[in-house]
Every structure is written in structure tokens, then in C-alpha cells.
Amino acid sequence: MAERDYEIIIVGAGPAGLTAGLYVSRSKINVVCFERLAPGGEILNTEHVEDYPGFELIGGPELAQKFTDHAVKFGLKIEMEDVSEVRKDGEDFIVKTDMGEHRCGAVIYTPGGYPRKLEIPGEEEYAGKGVSYCALCDGAFFQDEVITVVGGGNSAVEEAQFLTKFGSKVYLVHRRQGFRAHQVAVDKLADNEKAEFILDHVAEEVIGDGKEMKALRIRNVKTNETREVEANGLFVFVGFIPHTDIIKGDMEKDEAGFFVTDQNMETRIPGLFVAGDCRSQLIRQITNASGDATTAAVAAEKYLEAQADAKKESAPSAS
Ligand SMILES: Cc1cc2nc3c(=O)[nH]c(=O)nc-3n(C[C@H](O)[C@H](O)[C@H](O)COP(=O)(O)OP(=O)(O)OC[C@H]3O[C@@H](n4cnc5c(N)ncnc54)[C@H](O)[C@@H]3O)c2cc1C
């Protein structure tokens, strides 16, 4: 068997990957973390974070830097390489990147995913200035303001309900009459006096004054008439796409396409651990990405220890 380049390879340096890296490197294990863009992950795109314990309000990029510095302090090596394939090779894994192939004993897979965008004018310009993809993260910034929500699945309906805690009014804009969301959630929202459905409409443009969002232009799909809804917020819930296509092998996924793990974050491929946004779970936040990655790091260490013990036991004795 060829020699391993690393004991553990971490794919992605977001909050999950950096937390796993902190724990594994602190245990003096030979580990590398591959990142294709910049260490920090999605929090680099987050203006403010106010729900990460210990920091009442911190800029996303600043928190990302703190995560990175902390992991590097314990010796984590972060290499800028784009991972294109992870596959099992006997007891080892081969992690293929744009720089070559690397052999290791266990993989902690944390490449996250991305919220699907509407791709309409103004969406990018007003991201973080009214446009958001996360109600739990940003809802509290819209106290007593008018909020629009776009989508027709469970996330859209449930998050619209959640946003009525903050907004003075929440409009749910959906392209059809019928929802993909559970009827019970739709009925509950319909009963909420702060919520109003705008059906058979699609969002066409986010309008603002250059500094922040002021209105959402919507179009009736039946009549083609357009109108502006005055609103300070737009929450987009039209899907979240996890990065799952890199792994070759028989992985279990939930119905939304996220990887299923056991409580130790291990997949059904022994030695392959998944944490963070690409894992099947109730919510996607920095806290649970970090928490799950802590479990994955310790479980990966134990996996390697057990593998080494088994090898020792099966080795022919010298006497
Ligand atoms: C706009 C926005 C605002 C948010 N605000 C908050 C908030 O206020 N509070 C909160 O708790 N959560 C917030 N979240 C959610 C939070 O950012 C995520 O839950 C968290 O970042 C997930 O961490 P992760 O490490 O799993 O994934 P990510 O943060 O997505 O990190 C994954 C990393 O892997 C890298 N990667 C991907 N593919 C590859 C590859 N093939 N090779 C190498 N590297 C790869 C990516 O470049 C990225 O750096 C927000 C999310 C968004 C989108």
C-alpha cells in the first residue's frame, strides 16, 4: 500500500472545515485543509453576524479571519487547491485537486453549498442591504419593517412565518396558486394577520436608492402587469444547493440532496465524515457547522486510532 500524504484531509475552509482543522491540528495529526477560494466560507459574504455566541455583533469577514487565525495557530495547513474528486482506495482515500492527487486515511468533507439566487437586477447590488437568504441570520435586522419573501416551498413558508416576528408586514410572493410547502404551514401563515400572499407573481427587480433596498418590482405571470411593492427586505428561498457531486461512492442523501450521517458525522463510507451546510440537518448556521465539525474531528481521530490498532493486531508477531 502506498504511503499516505496526510492522515486527514479536510475539504473546504468554511466554519466547519476550520473548526475541524483546529481540533485535528491541535491533536498533532498530519492534516491539510484544501480551500478553492478563500478561508472563511459563507461568512465572508455576511456583513454582520449577531448570533455567534461570545460576539454580540461582529462583521462576517472579521469572524472568518478569527476562525482562520485560530486554526492556523494550532498548526493547520491551508492549501489553496480545488478538490474535484474524493474516492476510496482500499483503506485509504484519494483526494484529487487541481494540483494533483493526495492520499490520506480519513476525510472530513465540509464544502458547504450555496443558496439559489433569483438572478434579477438589483439582487446582487442589495445583498446585505435588504436582500438576504437566511431569516434566522438576518430577520432581526428588519424590526417593524416591510419584508418580502420569495418562494413556495417549506423554507419560504416557514421562514415567512418566522419573519412576522420582526416585520410589520410580510408579503410572500409565489409564482403559482399552489404551494410545495406542507398545507398545515400554508394555513398557519394564511391565519397570521401580518402575512399576505401575492400569488401568480414573480420578482423582477430589487429597487433601491444605491444604499439600501426600497421596493421589489413584481410581475403577474397571468396578465404580465408589473407593480412595485414598497419593502425594505427581500428574503429569497428558492433552494439551497449542497456541494455533493465531488464524492464518488455510494453516499446516502436525504430528499433535498444533503448527505446523511450518523451522530458521529460519519457517512456510510467508513472514514468519510461530513459536517456543516452540506449535511442533512434542521438548520444551517455557523454554530452547528462548528459543533458538527468538532464531532467529526474527534470521530475521525478515533477512526484512525482504531484502524492503526487493528493493523497492529493483525500484523504477524516478530517472535
Ligand atoms: C448571506 C448569508 C448570511 C449568513 N448569515 C449567518 C449568520 O448571521 N449567522 C449564522 O450562524 N450563519 C449565517 N449564515 C449561514 C452560515 O454562513 C453557514 O451555515 C456556514 O458558513 C456553513 O459553514 P460550512 O463550513 O459548512 O460551509 P461554507 O461556509 O459554505 O464553507 C465551505 C468552504 O468550502 C469551500 N469549497 C467548496 N467546494 C470546494 C472544493 N471543491 N474544493 C475546495 N474548497 C471548496 C468553499 O469555498 C468554502 O470556503 C449565512 C449564510 C449566508 C449565505
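FYI, it's all coordinate maths here, none of it is from the lab. Since the model is a prediction, treat every value here as computed from it, not as a measurement. Here the Cβ positions follow ideal geometry from the backbone for every residue, glycine too, while neighbour counts run over all protein chains shown.
Share of antiparallel DSSP beta bridges in the chain, in percent to the nearest 5? So the antiparallel bridges amount to about 45 percent of the total.
Other residues whose C-beta falls under 13 angstrom from the C-beta of residue 15 contribute a net charge of -2, scoring Lys and Arg +1 and Asp and Glu -1. Distance from the C-alpha centroid of the stretch 259-319 to that of the stretch 178-257: 36 Å, rounded to the whole angstrom.
So how do 248-259, 269-280, 13-24, 128-139 stack up, highest first, on mean other-Cβ count within 10 Å? Walk me through the numbers before you get to the answer.
Values: 248-259: 13.8, 269-280: 25.4, 13-24: 29.7, 128-139: 21.2.
The peptides rank, most packed first, as 13-24, 269-280, 128-139, 248-259.
Which of rounded, prolate, oblate describes the stretch 1-58, given a ≥ b ≥ c as roots of the alpha-carbon gyration tensor eigenvalues and a/c under 1.5 marking rounded, otherwise prolate only if a/b is larger than b/c?
On the way: a/c = 5.11, a/b = 2.11, b/c = 2.42.
Oblate is the answer for the stretch 1-58, as a/c is 1.5 or above yet b/c matches or exceeds a/b.
Over all other residues within a Cβ to Cβ distance under 14 Å of residue 142, the charged ones net out to -3, with Lys and Arg as +1 and Asp and Glu as -1.
Of the peptides 226-239, 92-105, how do they stack up when ordered by the mean number of other Cβ atoms within 10 Å, highest first?
On the way: 226-239: 19.7, 92-105: 17.6.
Top to bottom by mean Cβ count within 10 Å: 226-239, 92-105.
If you take all other residues with their beta carbon under 9 Å from the beta carbon of residue 268, and give Lys and Arg +1 and Asp and Glu -1, the sum is -4. Tell me whether the stretch 1-108 comes out rounded, prolate or oblate; compute the Cα gyration tensor, take square roots of the eigenvalues as a ≥ b ≥ c, and use a/c under 1.5 as the rounded threshold. Cα axes put the stretch 1-108 in the prolate bin. Orientation-averaged projection of the stretch 178-319 equals 14.4 nm² [convex hull of Cα atoms, one quarter of hull surface area].
For the stretch 117-236, the antiparallel share of DSSP beta bridges with both residues in that region comes to about 40%. Helix 286-314 axis versus longest C-alpha principal axis of the chain: approximately 20°, rounded to the nearest ten.
Starting from the Cα gyration tensor of the stretch 117-236, take the square roots of the eigenvalues, sort them a ≥ b ≥ c, and report rounded, prolate or oblate (rounded when a/c is under 1.5, otherwise prolate if a/b is larger than b/c, else oblate). Before the final figure, lay out the partial values.
Values: a/c = 1.71, a/b = 1.14, b/c = 1.49.
Since a/c reaches 1.5 but b/c is at least a/b, the shape of the stretch 117-236 is classed as oblate.
Quick one: angle between helix 15-26 and the longest Cα principal axis of the chain, in degrees between 0 and 90, rounded to 10, please. Value to nearest ten degrees: 20.
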